[in-house]
Amino acid sequence: MADVSIRKYRNSDYDVVHSMFVEGMMEHLPASYSYLLKLPQLHLTVSLLLLVIFLATGSYLLTLATLALLLAGGWYEMKFEFCQYVSQSQKGDLLDIQTTYMMRSNSCFWVAESEGKVVGMVAAQPSEESEDEMVLRRLSVGRNHRMKGIAKVLCVKVIDFAGQCGYKSVMLHTSMVQYAAHKLYQRLGFERTAVEIVPSLFGRFSKFSIFTYRYRIKS
Ligand SMILES: CC(C)(COP(=O)(O)OP(=O)(O)OC[C@H]1O[C@@H](n2cnc3c(N)ncnc32)[C@H](O)[C@@H]1OP(=O)(O)O)[C@@H](O)C(=O)NCCC(=O)NCCS
């Protein structure tokens, strides 16, 4: 961690921050797909469908082709969900980080810099649901710079900022397959306070969940 410093976002960071966000999100696609493939309800539905096709056509080839089509369809559906989330985020707060985070007194966006390069990022914003709470958002660390404590320092930055602004807690959302993030938040003393199924057809079928973590600031 010796050569890493944390500083506020500048407009010249725009491209690297966007790519880091996209890469940090899209890397969870294989884990999400693998979660989907292990679901018993999916095994049952697919097995029944394949059985019906085999009994109706008597063709192994058609049955196997259907299986291949379903596997590819599952991958593209998952990818579509991820791309939609990424695109919504890029059209939302990430489109204009200066206005969303840097021009408001209780919000901020920081980057971690090492040897002149941006290697990590995080943002803080007041919660829309509770006036006592700050939200930690957009945490990501470049793949080649992980496991060096950079995310920990970025999270501590948000916790300190929230404390200085008078907030009582920091909350964040993360998906069930972001395993490294879960470890990180638990190590930092965040508690898991809610689990919510993604409110889409896919979410309800797969029980794909979003976890809420909270850190209570000691007064
Ligand atoms: C999650 C993420 C930010 C962690 O960044 P990082 O800089 O590697 O994390 P740190 O080095 O600060 O690790 C902090 C703690 O979490 C643990 N941890 C981090 N990644 C881990 C992993 N892949 N497996 C197990 N533990 C892990 C570390 O062991 C460390 O605990 P320690 O104090 O016992 O050593 C990074 O993996 C990432 O950017 N992922 C993609 C984007 C993402 O998922 N962001 C989270 C949004 S909610």
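General observations
- Any hit, the range 183-192, residues being more than 8 Å from the ligand (Cβ to nearest atom), at pLDDT 95 or above, over 25 Å from residue 209 (Cα atoms) and open to solvent by 30 Å² or more (accessible area, probe 1.4 Å): no
- If the condition is being in contact with a helix residue (DSSP H, G or I) (Cβ under 7 Å, 6 or more places away or on another chain), of a type in the set (A, V, I, L, M) and within 19 Å of residue 154 (Cβ to Cβ), then the range 173-219 contributes 184, 188, 217.
- Test result for residue 204, more than 17 Å from the chain's Cα centre (by Cα) and within 8 Å of the ligand (Cβ to nearest atom): no
- Complete set of residues in the range 35-67 that are assigned to a helix (DSSP H, G or I) and exposed (fewer than 10 other Cβ atoms within 10 Å of the Cβ): 40, 55, 60, 61
- Total residues in the range 11-25 satisfying the condition of being surrounded by fewer than 14 Cβ atoms within 10 Å (Cβ to Cβ), closer than 24 Å to residue 148 by Cα and touching a residue at least 60 places away in the same chain (Cβ under 8 Å): the figure is 1.
- Scanning the range 162-208 for residues that are outside any loop (DSSP other than H, G, I, E, B), touching a residue at least 12 places away in the same chain (Cβ under 8 Å) and within 20 Å of residue 21 (Cα to Cα) yields a total of 11.
- The condition of being part of a helix (DSSP H, G or I) and within 30 Å of residue 169 (Cβ to Cβ) holds for only one of 85, 76, that being 85.
- The range 101-134, residues that are open to solvent by less than 10 Å² (accessible area, probe 1.4 Å) and among the basic types (Lys, Arg): none
- Within the range 149-171, tally of residues that are near the ligand (Cβ under 6 Å from one of its atoms) and either over 13 Å from residue 190 (Cβ atoms) or open to solvent by less than 60 Å² (accessible area, probe 1.4 Å) (or both): 3
The values are calculated or read from the model by the stated rules, or taken from the named source; none is laboratory data. Worth saying up front: this structure is predicted, and the values here are computed from it rather than measured. Using ideal geometry, Cβ is built from the backbone for each residue, glycine included, and neighbour counts are taken over all protein chains shown. The area values use the complete protein model at the heavy-atom level, side chains included, leaving out ligands, DNA and RNA. Shrake-Rupley method; radii C 1.70, N 1.55, O 1.52, S 1.80 Å.
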